[in-house]
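Coordinate-derived values only; no laboratory data. Bear in mind that the values here come from a model prediction, so they are computed numbers and not experimental data. Note: ideal-geometry Cβ built from the backbone for every residue, glycine included; neighbour counts use all protein chains shown.
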Amino acid sequence: MSDSWVEATLGDTCLSIKRGKAPKYVDDGYLVFNQKCVRDENRIDISPARRTDSSRPIPEHAQLQVGDVLINSTGRGTLGRAAELRELPEPATADSHVTIVRPDPQHFSLGFAGLVLSARKADLESLQTGSTNQTELSASSIAAVPIALPPLPVQERIVEVIGAVDDQIAALDTSVSTVRKILNKVLAEHFTTAEGTRHRVVDLCSHVVGGVWGKPAGENEVDRLALGPRIYAPGTSEFVTDGSPIRSFTTKQADTRTVREQDIILERSGGSPEQPVGRVAIAGPNLEPCVPTDFQRLMRVDPEKALPRYVFWRLRHDWVSGLTRAYSRRTTGITNLSVKDYIAREIPVPSLHEQTGIVERAEAVEALISALNAEAVGLRQIRASLLSALLDRTIDIESAELGV
């Protein structure tokens, strides 16, 4: 059965391949999927969707159906990402930055087109045209993409096998979310009832300094890795420097800003309407020489006054609870934290024994989160390899089913 694959193009096997329609945004109307809704691994996230005026006519091709595949078609980085709609809670459409691919059910079983196209992001990216900030992926280019289609029963079994792996990944992601809530609850219970001598946050620090962007590598006296917002992305306490660019600084700039173990890096600018500014990360051991950049502050807690990790968890709790919003203001699309006011506030500092206790509890829960995340990462790698092997026929579906 696996030998009877058919070589074709996407255009030959789909009912339509067209861009969505530019919306007129309103508070109430048809749901509009945009590029933020199209996620990796063939996933659709409905939360960023908006609304369009329901009185405006929507072309038939843009009236979304279960089984349609949405492909991001503008903008470097997001372009080429694809995911299939497996459910629609209400009538919906897609905006003009998204191409709607409607597979022909005579050629595709439900779910298979999304798997095929979500695995072809690099191929789709290679078809983009335009300048760096104006890249486009045309519907005609998508239609010309060659594909190999197995018989429908084989497609269905591939969808089932990958779906089983996806279910395991989703369960792990749910567990991570649950354990994060436990961590937040542990911190909230402590910090809302903690007692001790009150100190200004800044007075607990021996050194506080703003970041600096520097110059291109090699153009100044000292080169260092320049930290950016990606250090907060994993959501864990300690950060890594992976992906940080090399920048050049004066010796004085580097001497006062090179990160040491247990330094706290506070986010000064960033955030969004949904996410407050003020994220924190703490430096672990054996980091490559690095410095914070303009949108950050380096805070070096004096261990004679408080445990650096205790102050870190306090600041993290304050961000999670939304306290940083009271010290921030939004200008030109960016939220800025008033660091001076934020660290001038007083917090209670309990005994060393109590500080140690909450740090140990928080880091035990965080270790569980890290273990679950690592397992999910491993499963995602297995999923990608398995899907690739099934689609290029390196392995057949019967062999794959034995391993799931």
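Brief remarks follow.
- Anchor Lys305: lysines whose Cα lies under 24 Å away (excluding residues fewer than 8 positions away in-chain): Lys340
- Counting only alpha carbon atoms, the long axis of helix 308-320 and the longest principal axis of the chain meet at about 50°.
- R0 of 30 Å, Cβ-Cβ distance Glu288-Thr197: FRET efficiency to nearest 0.05: 0.20
- Look at Glu160, Glu136, Glu195 and count the other Cβ atoms within 10 Å of each Cβ; fewest to most, that gives Glu195, Glu160, Glu136.
- Whole-angstrom gap from the stretch 200-275 to the stretch 340-404, using each part's C-alpha centre: 24
- With neighbours defined as other Cβ atoms within 10 Å of a residue's Cβ, the residues Val165, Val240 order from fewest to most as Val240, Val165.
- Checking every one of the GluC sites (Glu not before Pro) in the stretch 301-355 against DSSP loop status and a limit of 16 other Cβ atoms within 10 Å picks out Glu304.
- In the chain, helices alone account for a calculated mean residue ellipticity at 222 nm of -10500 deg cm²/dmol, with every DSSP H run of four or more residues adding -39,500 (n - 2.57).
- FRET E, pair Leu15, Asp255, Förster distance 51 Å, beta-carbon r, rounded to 0.05: 0.20
- The value of relative contact order for the chain, using C-alpha pairs under 8 Å at least six residues apart, is 16 percent.
- Axis angle, to the nearest 10 degrees, between helix 352-391 and the longest C-alpha principal axis of the chain: 20 degrees.
- Relative to the longest principal axis of the Cα atoms of the chain, helix 152-191 runs at roughly 20 degrees.
- Whole-angstrom gap from the stretch 1-65 to the stretch 91-123, using each part's C-alpha centre: 8
- Of all lysines in the structure, the ones whose alpha carbon falls short of 21 Å from that of Lys36, not counting any fewer than 8 places away in one chain, are Lys18, Lys21, Lys24, Lys121.
- Taking amide H as placed 1.01 Å from N in the peptide plane, the amide H of Arg51 sits under 5 Å from that of Val26, Val32, each at least 5 places away or on another chain.
- Cut-off 14 Å between beta-carbons: net charge of the residues surrounding Asn336, Lys and Arg +1, Asp and Glu -1: +4
- Cβ crowding within 10 Å, taken as a proxy for footprinting-reagent exposure, orders Asp255, Asp68, Asp166 from fewest neighbours to most as Asp255, Asp166, Asp68.
- Two-site label geometry, Lys340 and Asn184: point separation in nm, points 7 Å out along Cα→Cβ: 3.2
- Gain in span if fully extended, Asp392 to Thr174, counting 0.36 nm per residue against the direct Cα distance: 75.3 nm
- Across the chain, the fraction of Cα-Cα pairs farther apart than 32 Å, rounded to a whole number, is 50%.
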